[in-house]
Amino acid sequence: MDEARPVTGPAAAARLIFHRNFGPYFVGNAASASGTWFQNLAAGLYVFERTHSPFLLGVLQFGNFVPVLLLAPWGGSAADRFDRKRLLLLTQVIATVVSGALAALAWEGHVSVPLVIGCAVCLGVASAFSAPASQALIGDLVPRHDLQSAVALNSMTYNLARAVGPALAGLSVDRLGYAPSFAINAASYLLLVLGLLVVTPRARELATRGQARLRESLRIARQQPRLVAFLLIVTAVGFASDPVNTESPAFAHAFGFGHHHLRLWSGFIVGAFGAGAISAALLLAGRVAGSRRRMTITLSLLAAGIVGFSLSPSIWIGFAFLAVGGFGYLASNTSATSQLMLGVADDQRGRIMALWSVAILGLRPIASLADGAI
């Protein structure tokens, strides 16, 4: 009798979303990621509308991501040494306080460009410790054979947020103002807190202080050159996709949209990229990690999409290219990330995902400053 064919595609995605442990985390993470786009787009629009400086947009993103570059090694060590669920709960509470304080100051009219950039730095510090723990926690929530699908779906939460969040954020800023948009982000962190309180990660062995050092992470990477290759791929897709995230208000302006439409179309630009990424996540669910040929194809799709967008004569043609680029981004990043997680032991995953955080987030400040300057 033939073995039953493995479930793939949307059916596999649905099975994981309703998983007792992964489901609540998935929903909370999706809500939190969407709230982050309210924060990021509102902050970007605030800076751009007051300065009209693409370079300061790059500075804003630099402030948001440079803490990851500087602190991720300690974040990865913490993810291996301590309870990942508790660590995530702590970082989300801190992020809630920072976002709530910014919303309150905006409500009273005391917000300024330096303050918005300063809050971005504070949220970046929280992200430096939450990002490695968040990625590593996935391996504690699902069986090993579901890890690739769970990584794809976890990536989909950010790209679902990328597809929906910016458009909603643009509407929020346009109709409600900056203070409510910052407050929505603060509330979204609490939804992830609720999701974390529901899940029960499986028990694991904690790394010792001596094991959980940066030098140990680098030693693991040196011993497995494949891991270095996957980290380079993650770095490449992060750099390639950064212009869409960092300069969306400037792109909307370049396509001819003035002040009254800038907010909405900035969100739509980022959303088109996210829509392509969502389709990739649904297609990848339940499938094994890609081959070199598949990786070459998906990286080429990302490159073609971004280049096509940059040459598009109209924003509608640009949207189509952004969707292609988003598909290539998610497919490439998911395959590389899952291979990184599968290539190490459970008590090493936090440190390897710290290197992943540096690759995908920590180097974003360099990309953001370069994009702003260009």
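The values are calculated or read from the model by the stated rules, or taken from the named source; none is laboratory data. All values derive from a computational prediction rather than experimental measurement. Reconstructed Cβ throughout: ideal geometry from the backbone, glycine too, with neighbour counts over all protein chains shown. In case anyone asks, the SASA skips ligands and DNA or RNA and just uses the protein heavy atoms, side chains included. Shrake-Rupley method; radii C 1.70, N 1.55, O 1.52, S 1.80 Å.
A few comments on the model shown:
- Note on the stretch 1-36: residues that are modelled with pLDDT of 80 or more, of a type outside the set (Gly, Ala, Ser) and either under 30 Å from residue 264 (Cα atoms) or part of a helix (DSSP H, G or I) (or both) amount to 7.
- Whichever residue in the stretch 292-351 is in contact with a Ser or Thr (Cβ under 7 Å, 6 or more places away or on another chain) and of a type in the set (Phe, Trp, Tyr) and, among such residues, is farthest from residue 203 (Cα to Cα): 321
- From 43, 31, 103, residue being among the aliphatic types (A, V, I, L, M), farther than 24 Å from residue 374 by Cβ and within 22 Å of the chain's Cα centre (by Cα): 31
- Of all residues making up the stretch 80-100, the number that are surrounded by fewer than 24 Cβ atoms within 10 Å (Cβ to Cβ), among the charged types (D, E, K, R) and either under 19 Å from residue 37 (Cα atoms) or under 21 Å from the mean Cα position of the chain (by Cα) (or both): 2
- The residues of the stretch 329-357 that are open to solvent by 10 Å² or more (accessible area, probe 1.4 Å), modelled with pLDDT under 75, within 29 Å of residue 282 (Cβ to Cβ) and part of a helix (DSSP H, G or I), listed by number, are 342, 346.
- Listed by first and then second residue, the pairs with beta-carbon distance under 6 Å, at least 6 apart or on different chains, first residue in the stretch 14-28 and under 10 Å from residue 199 (Cα atoms), second in a loop (DSSP other than H, G, I, E, B) and hydrophobic (A, V, I, L, M, F, W, C), are 21/199; 22/142; 24/199; 25/199.
- Selected residue [out of contact with any Leu (no Cβ under 6 Å at 6 or more places or on another chain) and not in a helix (DSSP H, G or I)] from 63, 109: 109
- Residues (within 22 Å of residue 93 (Cα to Cα) and of a type in the set (A, V, I, L, M)) located in the stretch 25-68: 27, 30, 31, 33, 41, 42, 43, 66, 68
- Residue match in the stretch 261-277 (condition: more than 29 Å from residue 56 (Cβ to Cβ) and either modelled with pLDDT under 75 or not aromatic (Phe, Trp, Tyr) (or both)): no
- Neighbours by Cβ (under 7 Å, 6+ apart or cross-chain): first from the stretch 163-192, farther than 22 Å from residue 245 by Cβ and in a helix (DSSP H, G or I); second open to solvent by 10 Å² or more (accessible area, probe 1.4 Å) and aromatic (Phe, Trp, Tyr): 179/107
- For beta carbons closer than 7 Å, sequence separation of 6+ or different chains, a first residue in the stretch 105-117 that is closer than 15 Å to residue 56 by Cβ and in contact (Cβ under 8 Å) with a residue 40 or more places away in the chain and a second that is assigned to a helix (DSSP H, G or I) and β-branched (Val, Ile, Thr), the qualifying pairs are 113/47; 113/51; 116/47; 117/59.
- From the options 161, 128, 72, residue that is within 21 Å of residue 179 (Cα to Cα) and either of a type in the set (Val, Ile, Thr) or surrounded by 20 or more Cβ atoms within 10 Å (Cβ to Cβ) (or both): 161
- Scanning the stretch 293-308 for residues that are closer than 13 Å to residue 273 by Cβ and free of Cβ contacts under 8 Å to residues at least 24 places away in the same chain yields a total of 1.
- Among the residues of the stretch 47-69, those identified as open to solvent by 20 Å² or more (accessible area, probe 1.4 Å) and over 18 Å from the mean Cα position of the chain (by Cα) are 49, 50, 51, 52, 53, 54, 55, 56, 59.
- Hits in the stretch 297-315 - residues which are among the small types (Gly, Ala, Ser) and open to solvent by 30 Å² or more (accessible area, probe 1.4 Å): 300, 303, 304, 310, 314
- Single unsatisfied condition, residue 313 versus (1) modelled with pLDDT of 85 or more; (2) part of a helix (DSSP H, G or I): (2)
- Residue in the stretch 133-147 that is open to solvent by less than 40 Å² (accessible area, probe 1.4 Å), touching a helix residue (DSSP H, G or I) at 6+ places or on another chain (Cβ under 7 Å) and more than 30 Å from residue 203 (Cβ to Cβ) present: no
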